[in-house]
1. List, please: which pairs have Cβ atoms under 6 Å, are six or more places apart or on different chains, and start with a residue in the stretch B:55-79 that is farther than 17 Å from B:Tyr127 by Cα and end with one that is open to solvent by less than 40 Å² (accessible area, probe 1.4 Å) and of a type in the set (Ser, Thr, Tyr)?
2. Any residue at all in the stretch B:121-129 that is within 22 Å of the chain's Cα centre (by Cα) and more than 21 Å from B:Lys6 (Cβ to Cβ)?
3. Take A:Pro88 and decide whether it is open to solvent by 10 Å² or more (accessible area, probe 1.4 Å), in contact with a strand residue (DSSP E or B) (Cβ under 9 Å, 6 or more places away or on another chain) and under 24 Å from B:Ala194 (Cβ atoms).
4. What are the residue pairs meeting all of these: first residue in the stretch B:216-230, first residue more than 14 Å from chain A (Cβ to nearest Cβ), second residue part of a loop (DSSP other than H, G, I, E, B), Cβ atoms under 9 Å, and 6 or more apart or on different chains?
5. All but one of (1) within 26 Å of A:Ala210 (Cα to Cα); (2) modelled with pLDDT of 75 or more; (3) open to solvent by 40 Å² or more (accessible area, probe 1.4 Å); (4) not charged (D, E, K, R) hold for B:Ile85, so report the exception by its number.
6. Take the residues in the stretch B:1-43 that are of a type in the set (Val, Ile, Thr) and closer than 30 Å to B:Ile168 by Cα; name whichever of them is most open to solvent (accessible area, probe 1.4 Å).
7. Test of understanding: among B:Phe163, B:Phe128, B:Phe204, which residue is in contact (Cβ under 8 Å) with a residue 24 or more places away in the chain and surrounded by 15 or more Cβ atoms within 10 Å (Cβ to Cβ)?
Amino acid sequence: MKTKQKKIIFSLTLLLLPLVCSPTVNAMHIMEGYLAPKYCIAWGVLCVPFLIAGFLSIKKTLAEHRKALMILAMAGAYAFVLSSLKIPSVTGSSSHPTGTGLGAVLFGPFAMSVIGIIVLLFQAILLAHGGLTTLGANTFSMAIAGPLLSYGIFKLCEKLKVNKLVAVFLATALGDLFTYVITSIQLGIAHPSEVGGIGASIGKFIGIFAITQIPLAIIEGIVSVVVMIGLESYAKSELTDLGYFKGGAIHVK
Amino acid sequence: MILIDKLCYTSKLRYTNPMIKFLFAIITLILCVAVRSSVIACIVLITTAFLTIQKGGISPSHYIHFMKLPLIFLVLSTIAIVFNISPTPFSAFAIPFFHQYITLSRASLLSAVQLILTALASVSCLYFLSLSTPITDILYVLQRLHCPELLIELMLLIYRFIFVLLEISNSLYISQQSRLGNVDFKTSCKSAGALMSTLLVRAFKKSSFLYDAMESRCYDGTIHVLQETYPVNKLHILYFVLFELTLIGLSVYLGR
């Protein structure tokens, strides 16, 4: 039994080796120039209502508290820096978190959509993650769909009286997975497969990127839980500032 | 700290008019993505690489390093597009796989090459912009294009804060490393979480200090900064218009 297990592990390692050797694992930004113009425009248009809602909610918050601009900007910079931090990885290659799930839980999904598009723009220009033409598609998957789901799960868990840390884990990990599924769907629609069309293509994208994205989501979930423990234990007073963002999930009573 | 940001300030094209650089990059990018032809992609790739390396003075080794950044995504997604699982083998290549075939056709191979070239050419357009134009100049262009004031202000602040936070996170990381903070998986999870939560707390403290500082300097909701002015070079405009017209002409010719 034991030798058999060893054999299975060995062959699995061999199979995964080429992917493990890849230098860095990032969130799955769609690369510049990878989508045809009609998809770029369509996804961009889909983002507009969310962005307007976010923009208006920020404007309203700012009218009440001018200080909120600084906090919002710090939140944006935080989301950017988060995505450039190294998080531990099982494979040995360095991987970087998405950070949007945690952002949504901390700052609320609508503020996150506006911050998200700015962060994605900076990531495209400064880090070459994603691109200008694919900004709409990336914004939809990373700054709107993922955060909304994360936030929804977090609120649902709160209603169901699930342990807060479990809720944070579920929200961030599932938010990450959802982002990756949406990205796969976007790619699948844009590049339908020769046999089986869009559905088969989506399946292929989900299957191939699973190797990098599923471990990433789980680890990001774990790390977010540790972040939450840290914040709850020694940063309660700072977190009161987050109360400005009405949508934000942590309200300190 | 962010290599692209550092290099763009040293570029020889740093002081050319940002509007022209921006329009050149964006219009070329749009043409490249819209036309999707290998010929156009090659022309764009060569032109932007020449401009960035020769005119901008970015070292070729850096440039190649940057072109390799999106490689993982490119390789993985091209595999997903090209390979099919089908009961019948296709024209180019096939291996049997559980009574089916992992297979690909010549046509899809060709379109994959075209896709890769287009993607690389678009990335090179993006690099032309980001390796010659600092964010502050891009914000100036956005302002001229009537982007909402609030967004520009937010971007300016975020851009500034990124470096503040990167510095903090860097020193936190170094001190964790020097205390064996990343020896094994469990410790490194703990360290990563501690780093992120400390970073957030520090970020809020900083933002609070910053607000006080700005308030005491009569901050009333808008940040006023002096803009640098960049002379417009007529020759650059001529080159820019000629290049875009050639590209458009060529794409119409190829499209027929």
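The values are calculated or read from the model by the stated rules, or taken from the named source; none is laboratory data. Model, not experiment: these values are computed from the prediction. A quick note on method: Cβ atoms are made from the backbone with ideal geometry, for glycine too, and the neighbour counts reach across all protein chains shown. The protein model used for the area step is the full one, side chains on, heavy atoms only, and it has no ligands, DNA or RNA in it. Shrake-Rupley method; radii C 1.70, N 1.55, O 1.52, S 1.80 Å.
1. Qualifying pairs under 6 Å: B:Ile72/A:Ser22.
2. From the stretch B:121-129, those within 22 Å of the chain's Cα centre (by Cα) are B:121-129; that's our starting set.
Next, only the ones that are more than 21 Å from B:Lys6 (Cβ to Cβ) stay: B:121-122.
Checked against the condition, which is being within 22 Å of the chain's Cα centre (by Cα) and more than 21 Å from B:Lys6 (Cβ to Cβ), the stretch B:121-129 yields at least one hit.
3. The answer is yes for A:Pro88.
4. B:Glu228/B:Tyr15; B:Tyr230/B:Tyr15; B:Tyr230/B:Thr16; B:Tyr230/B:Asn17
5. Evaluating B:Ile85 over (1) within 26 Å of A:Ala210 (Cα to Cα); (2) modelled with pLDDT of 75 or more; (3) open to solvent by 40 Å² or more (accessible area, probe 1.4 Å); (4) not charged (D, E, K, R) leaves (2) as the failure.
6. Ranking the qualifying residues of the stretch B:1-43, first place goes to B:Thr10.
7. Details: B:Phe163 fails: surrounded by 15 or more Cβ atoms within 10 Å (Cβ to Cβ); B:Phe204 fails: in contact (Cβ under 8 Å) with a residue 24 or more places away in the chain.
Exactly one residue qualifies, and that residue is B:Phe128.
Rundown of residues vs (1) surrounded by 11 or more Cβ atoms within 10 Å (Cβ to Cβ); (2) within 27 Å of the chain's Cα centre (by Cα), yes/no style:
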residue	(1), (2)
B:Thr222	no, no
B:Glu228	no, yes
B:Pro231	no, yes
B:Ile237	yes, yes
B:Phe243	yes, yes
